[in-house]
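> Supplied in structure tokens, the structure appears directly below.
The values are calculated or read from the model by the stated rules, or taken from the named source; none is laboratory data. Small disclaimer: the values here were computed from a predicted structure and weren't measured. In this analysis, Cβ positions are derived from the backbone assuming ideal geometry, glycine residues included, and neighbour counts consider all displayed protein chains.
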Amino acid sequence: MTTRIAAFFLLAVMVACGGQPTARTSPPPTPVATASAGLSLDEEVGAVMMVGFEGPLTDAVLADWSRHQFGGLLIVNRNGNARSDSGLSTLVRDLRAVSRHRLIAATDQEGGGVCLAAASVPCAPMPVGESATTGMATALRTLGFDLDLGPVSDVCSSSSSVMWGRCYGTTPGSVAPAVGSVVDGIHAAHMLSAAKHFPGHGDTTVSSETQLPRIDESLATIRARDLPSFAAAIAHGTDFVLLGHLFFPALDPHRSADLSPATVKVLRTELGFKGAILSDDMEMGAITASTPTPDAAVQFLIAGGDMVMVAHDLAVADATYDAIKNAVESGRLPRARLDEAVAALTMLSG
């Protein structure tokens, strides 16, 4: 990182956080011991995948999970996995029982219109501050979750933004401190956080659920407008940064941001992020319109990502597992890159 760029990001975080970068305010939990270098190839492939499935947990799903050893479980309302809070807890517990390494259970709990349909989990109105975030995250923790997929760190360009109602404002100066507070609130509940959707989903009316948003801005604008809120999340110790399905030609004129090494370079080198890099759902239209999910997952890992999300279809997740393993065995995805991804996940506390 050049001195000029480093100074810019330090200044951005200082302004956003009210004077100086604020570190994680709650004591960090003790890292959870997991196998890392001791995992087989099959186990490493499973470990770098966060998977959701539709419907209740069945013997067939349990057997599939036992075979593939997925490292992440995603529970979202659309999948209809359980009809009660106790059913959610039982599902998480039963999948953990067949996991030979750490299983990170995750959901989207932002407040406002994005909340888990669970009676015991409060849904605070937006904008959500640190205290309300801690209340929501604590309830998730009680159900067995480890990761709250937030905060949304996008800067909305206007009320026409597709992220309107989920973002914390229209300027980095308003979004960055709010993002820092939410990270602190999640950590106070001893949960993991994931700042999203890097490099920034706020300047578009297009939803990546259906197609790939194109954001034609200069690198200078991206650095000044979109990155400071992610820098704030990093300063507050966010565990994951989730990459959005977004096309920024100024970053990479050929690939979407989540499949581009250039994006990872900005995140790792310019912003100094040391945690784990998570993809958004690889079944979304922004990806599948041009690239099959299994191949996109391989590209994401090659680019420097650490955990691939396949949110709804277990058969697609199984095909993605096979594609990742085949890519390693063929040499397309170096085993050292897979080892690196597993190591990034192993180092997470929570």
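> Taking the condition touching a Phe, Trp or Tyr at 6+ places or on another chain (Cβ under 8 Å), modelled with pLDDT of 90 or more and among the hydrophobic types (A, V, I, L, M, F, W, C), does residue 114 pass? Full working, then the answer.
On the way: touching a Phe, Trp or Tyr at 6+ places or on another chain (Cβ under 8 Å): no; modelled with pLDDT of 90 or more: yes; among the hydrophobic types (A, V, I, L, M, F, W, C): yes.
It is false that residue 114 is touching a Phe, Trp or Tyr at 6+ places or on another chain (Cβ under 8 Å), modelled with pLDDT of 90 or more and among the hydrophobic types (A, V, I, L, M, F, W, C).
> Of the conditions (1) hydrophobic (A, V, I, L, M, F, W, C); (2) surrounded by fewer than 24 Cβ atoms within 10 Å (Cβ to Cβ); (3) over 20 Å from residue 258 (Cβ atoms), residue 162 satisfies every one except a single condition; which number is it?
(3)
> Counting just the residues of the range 264-296 that are part of a helix (DSSP H, G or I) and within 21 Å of residue 192 (Cβ to Cβ), which one comes out farthest from the chain's Cα centre (by Cα)? Steps first, answer last, please.
Filtering the range 264-296 down to residues part of a helix (DSSP H, G or I) leaves 264-270, 285-288, 293-296.
Filter once more, so that each one left must be within 21 Å of residue 192 (Cβ to Cβ): 264, 267-268.
Working: 264: 14, 267: 13, 268: 15 Å.
Out of the qualifying residues, it is 268.
> Ok, one more. Give 176, 195, 231 a once-over and let me know the one that is in a strand (DSSP E or B), closer than 19 Å to residue 272 by Cα, under 19 Å from the mean Cα position of the chain (by Cα) and modelled with pLDDT of 95 or more.
Numbers: 176 fails: in a strand (DSSP E or B); 231 fails: in a strand (DSSP E or B).
Exactly one residue qualifies, and that residue is 195.
> Then there's this: Being over 15 Å from residue 243 (Cα atoms), small (Gly, Ala, Ser) and assigned to a loop (DSSP other than H, G, I, E, B) is the filter here; which residues of the range 198-220 pass it?
Answer for the range 198-220, where residues must be over 15 Å from residue 243 (Cα atoms), small (Gly, Ala, Ser) and assigned to a loop (DSSP other than H, G, I, E, B): just 218.
> Also, quick follow-up: Enumerate the pairs (first residue in the range 321-333 and in a helix (DSSP H, G or I) and among the basic types (Lys, Arg); second residue anywhere and crowded, with 21+ Cβ neighbours inside 10 Å and at pLDDT 95 or above) with beta-carbon separation below 8 Å, excluding pairs fewer than 6 apart on the same chain, so at least 6 apart or on different chains.
325/45
> OK, next. Is it the case, given these coordinates, that residue 283 is modelled with pLDDT of 95 or more, over 22 Å from residue 232 (Cβ atoms) and acidic (Asp, Glu)?
It is true that residue 283 is modelled with pLDDT of 95 or more, over 22 Å from residue 232 (Cβ atoms) and acidic (Asp, Glu).
Yes or no, residue by residue, for (1) more than 17 Å from the chain's Cα centre (by Cα); (2) in contact (Cβ under 8 Å) with a residue 24 or more places away in the chain:
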{"residue": "78", "(1), (2)": "yes, yes"}
{"residue": "83", "(1), (2)": "yes, no"}
{"residue": "92", "(1), (2)": "yes, yes"}
{"residue": "101", "(1), (2)": "yes, yes"}
{"residue": "105", "(1), (2)": "no, yes"}
{"residue": "115", "(1), (2)": "no, no"}
{"residue": "132", "(1), (2)": "yes, yes"}
{"residue": "138", "(1), (2)": "yes, yes"}
{"residue": "148", "(1), (2)": "no, yes"}
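> For the range 40-130, which helices (runs of 4 or more DSSP H) that fit wholly inside it have 3 or more residues that are out of contact with any strand residue (DSSP E or B) (no Cβ under 6 Å at 6 or more places or on another chain) and crowded, with 23+ Cβ neighbours inside 10 Å?
Details: elements: 41-47, 59-68, 85-97.
Of the helices (runs of 4 or more DSSP H) lying wholly inside the range 40-130, those with at least 3 residues that are out of contact with any strand residue (DSSP E or B) (no Cβ under 6 Å at 6 or more places or on another chain) and crowded, with 23+ Cβ neighbours inside 10 Å span 41-47.
> Could you look through the range 249-263, keep only residues that are part of a loop (DSSP other than H, G, I, E, B) and charged (D, E, K, R), and pick out the one that is farthest from residue 221 (Cα to Cα)? Break it down stepwise before answering.
Our first condition is that a residue be part of a loop (DSSP other than H, G, I, E, B); within the range 249-263, this holds for 249-256, 260.
Checking the rest, the ones that are also charged (D, E, K, R) come to 252, 255.
On the way: 252: 15, 255: 19 Å.
For the range 249-263, the residue satisfying everything is 255.
> Can you tell me which of (1) crowded, with 24+ Cβ neighbours inside 10 Å; (2) over 18 Å from residue 280 (Cα atoms) is the one residue 152 doesn't meet?
Evaluating residue 152 over (1) crowded, with 24+ Cβ neighbours inside 10 Å; (2) over 18 Å from residue 280 (Cα atoms) leaves (2) as the failure.
> Would you confirm, using the coordinates I've provided, whether residue 147 is over 23 Å from residue 168 (Cβ atoms) and of a type outside the set (Val, Ile, Thr)?
Working: over 23 Å from residue 168 (Cβ atoms): no; of a type outside the set (Val, Ile, Thr): yes.
No, not satisfied.
> Residues in the range 184-204: is at least one within 19 Å of residue 250 (Cβ to Cβ), in contact with a Ser or Thr (Cβ under 6 Å, 6 or more places away or on another chain) and not aromatic (Phe, Trp, Tyr)?
To start, the set of residues in the range 184-204 that are within 19 Å of residue 250 (Cβ to Cβ) comprises 197-204.
Cutting the leftovers down to in contact with a Ser or Thr (Cβ under 6 Å, 6 or more places away or on another chain) gives us 202-203.
Narrowing further to those that are not aromatic (Phe, Trp, Tyr): 202-203.
Yes, because at least one residue in the range 184-204 is within 19 Å of residue 250 (Cβ to Cβ), in contact with a Ser or Thr (Cβ under 6 Å, 6 or more places away or on another chain) and not aromatic (Phe, Trp, Tyr).
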